[in-house]
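Below: the structure, in C-alpha cells.
The values are calculated or read from the model by the stated rules, or taken from the named source; none is laboratory data. Computed from a predicted model, the values in this text were never measured in an experiment. Cβ sites come from the backbone with ideal geometry, for glycine too, and all protein chains shown count toward neighbours. When the accessible area is computed, the model is the full protein with side chains, heavy atoms only, and any ligands, DNA or RNA have been set aside. Shrake-Rupley method; radii C 1.70, N 1.55, O 1.52, S 1.80 Å.
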There are 2 protein chains.
Amino acid sequence: MANVGKLTLLHLNNSTSQRILWLLEELGIDYELKLHKRIHDRAPSELKETHPMGKAPQLILADGRVLIESSCIAKYLIDTYDTENKFKGDGGRNDALRDQMLSDFIASSMSTNFIVGVLFLALASRTPFFVRPLVSGLWKAMRAGYWDDDVDKQLKFIEAELEGQDYLMGASPGRPDFLLTFVYDNFHQRRLIDASKYPVAKAWRERCEARPAWKRSLEKGNGYDLSDFDG
Amino acid sequence: MANVGKLTLLHLNNSTSQRILWLLEELGIDYELKLHKRIHDRAPSELKETHPMGKAPQLILADGRVLIESSCIAKYLIDTYDTENKFKGDGGRNDALRDQMLSDFIASSMSTNFIVGVLFLALASRTPFFVRPLVSGLWKAMRAGYWDDDVDKQLKFIEAELEGQDYLMGASPGRPDFLLTFVYDNFHQRRLIDASKYPVAKAWRERCEARPAWKRSLEKGNGYDLSDFDG
C-alpha cells in the first residue's frame with residue numbers, strides 16, 4: 001500500500017517521455033518511475049500490459065487510470081499539481097487559449113513533420129544498399145516539394161511566438177515548452193534542420209537544458225540520445 | 001460593423017476544416033464562413049494573410065484573434081458556446097480528462113498514421129512511372145513493418161472506447177468525435193484500411209453522417225471528397 005496516491009510514469013529511453021520526466025521534476029512532486037528500454041529501437045512488449053497501444057509515456061494515476069499522450073499527461077500534471085501557477089502562463093497574451101493552441105500545434109502539426117523526417121532516415125538505414133539512392137531521392141524531392149518549407153515556417157512561427165519572452169508561455173516554461181523539447185531535439189539531433197538558422201529557438205532550448213529539473217530528468221532517465229537511434 | 005461579435009471560419013474544400021464546420025452547425029450559432037479552394041491540391045496563398053502557416057481551418061474571433069489547429073478550435077467552440085453541455089461528455093467515464101486524452105490521441109497519434117499513408121499515395125501518384133514500383137515496395141514494407149499493425153491497434157482501441165455508447169463522449173458527439181471524422185475518412189475514403197474489419201467504427205461514422213448538422217456542413221462547404229484528391 002506504499003504507493004497509494006502516488007503517480008507512476010512508465011518511461012522509455014530515447015523517447016518522448018523524457019519531457020514528462022522533466023515536467024515531473026519541475027513540479028517537485030513524489031512519483032514512481034518505471035524505466036523501460038527499447039529493443040531493436042522498438043518499445044518493449046511489457047508496455048502493452050497497461051495500455052493496448054503499448055507506448056510511452058504512460059502515466060498511471062493513484063486510482064489506476066492510465067493516461068496516454070504527452071500533451072494530455074502534461075495538461076493533467078499542470079492542472080493538478082501546479083498549485084503555485086508557475087507553469088500555466090504568466091498572464092497577458094500567455095493565457096490558457098494560447099497554451100492549448102501552441103500545444104496542439106506542436107503535438108500535431110510539428111510532430112508530423114519530424115515523424116516523416118525520422119521515417120525517411122529509418123528507411124534509408126534499413127533498406128538494402130541498392131535501394132538507398134532511391135529513398136534518398138524521394139526524401140530530397142519531398143524536402144524540396146514541401147517539407148523544408150513547412151518546417152521552416154513552423155520554426156519561424158515558434159521564434160515569433162518566443163519574441164520578447166524566455167519561454168512560449170512567458171517567464172517559465174508551460175505545456176507547449178515541455179512538448180516542444182522532443183520535437184526540436186528530433187529536428188536538431190537528427191540533423192533534419194540547420195539549427196543555426198533559428199537562433200531564438202536555439203537559445204530557448206539552451207535555457208531549458210540549463211534548468212536543474214531538466215538535468216535531474218536526464219540523470220533519472222535511462223538515456224536520451226536521438227542521434228544514436230535510427231527510427 | 002455588421003460582424004462585430006461574430007466568428008469567422010476560414011474553410012478549405014476537401015480538408016480538415018469540414019469537421020469544424022460540422023461542429024459550428026451542431027452548436028447552432030451565428031458565424032461567417034469564408035470558402036477557400038485548393039489550387040493543385042494545395043491551400044491557396046490567401047490563407048497566409050491571416051496566419052503565417054497559411055492553412056485551414058482558421059477561426060477568427062470577434063476581437064481579431066486567430067486560432068489554428070482543429071483540436072484547439074473545437075475545444076474553444078465547445079467551452080464557449082456549448083451552454084447546454086451537449087458536447088462535453090455525459091458524465092461517468094465520459095469526463096474532461098477522457099475528452100483531452102482521446103482528442104490528443106486522434107489529433108496526434110492517429111493523424112500521423114493517415115498523413116504517412118496519404119504521403120505515400122501522393123508519392124506514388126506523382127513520381128515518374130518507372131519509380132512507382134519502388135515507392136509501392138517501400139510502402140508495402142512499411143505497412144508490413146509497423147503501419148498496418150499500428151493502425152489496426154488504433155482502430156481497435158477506438159472501437160473498445162465506443163463500447164456501449166453511440167459516440168466517444170457518450171450519447172452525443174464530443175471533441176474527439178468531431179476530430180475523428182477527418183482521420184477516419186482519410187483511412188476509409190483513400191482505402192488505407194478495410195472498413196468492414198471495424199464495424200463499430202463504421203456504425204459510429206454512419207451515426208455522425210446521419211446527423212442533420214453534418215448534412216448542413218456538407219451543403220455549406222465547397223466539397224468534401226478525399227478519394228478525389230491525391231495528397
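Summary table below
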| item | result |
| --- | --- |
| Qualifying positions in the stretch A:30-68 - of a type in the set (Val, Ile, Thr) and open to solvent by less than 40 Å² (accessible area, probe 1.4 Å) | A:ILE60, A:VAL66, A:ILE68 |
| Pairs with Cβ under 8 Å, 6+ apart, first in the stretch B:172-201 and free of Cβ contacts under 8 Å to residues at least 40 places away in the same chain, second part of a loop (DSSP other than H, G, I, E, B) | B:ASP177/B:LEU168; B:ASP177/B:MET169; B:GLN189/B:ASP225 |
| Among residues of the stretch B:9-29, those that are in contact with a Lys or Arg (Cβ under 6 Å, 6 or more places away or on another chain) and open to solvent by 20 Å² or more (accessible area, probe 1.4 Å), counted | 0 |
| Tally of residues being under 17 Å from the mean Cα position of the chain (by Cα), surrounded by fewer than 18 Cβ atoms within 10 Å (Cβ to Cβ) and charged (D, E, K, R) across the stretch B:155-204 | 3 |
| From A:ASP99, A:ASP104, A:ASP90, A:ASP79, residue being closer than 23 Å to B:ALA107 by Cβ and either more than 20 Å from the chain's Cα centre (by Cα) or open to solvent by 50 Å² or more (accessible area, probe 1.4 Å) (or both) | A:ASP79 |
| Among the candidates B:GLU46, B:GLU26, residue that is outside any loop (DSSP other than H, G, I, E, B), in contact (Cβ under 8 Å) with a residue 24 or more places away in the chain and either more than 9 Å from every other protein chain (Cβ to nearest Cβ) or touching a strand residue (DSSP E or B) at 6+ places or on another chain (Cβ under 9 Å) (or both) | B:GLU26 |
| Some residue of the stretch B:142-149 being touching a helix residue (DSSP H, G or I) at 6+ places or on another chain (Cβ under 9 Å) and within 22 Å of B:GLU69 (Cβ to Cβ) | no |
| Flag for B:THR16 being in contact with a Ser or Thr (Cβ under 6 Å, 6 or more places away or on another chain), β-branched (Val, Ile, Thr) and within 14 Å of chain A (Cβ to nearest Cβ) | yes |
| All positions within the stretch A:205-215 that are under 15 Å from the mean Cα position of the chain (by Cα) and open to solvent by less than 50 Å² (accessible area, probe 1.4 Å) | A:ARG205, A:CYS208, A:TRP214 |
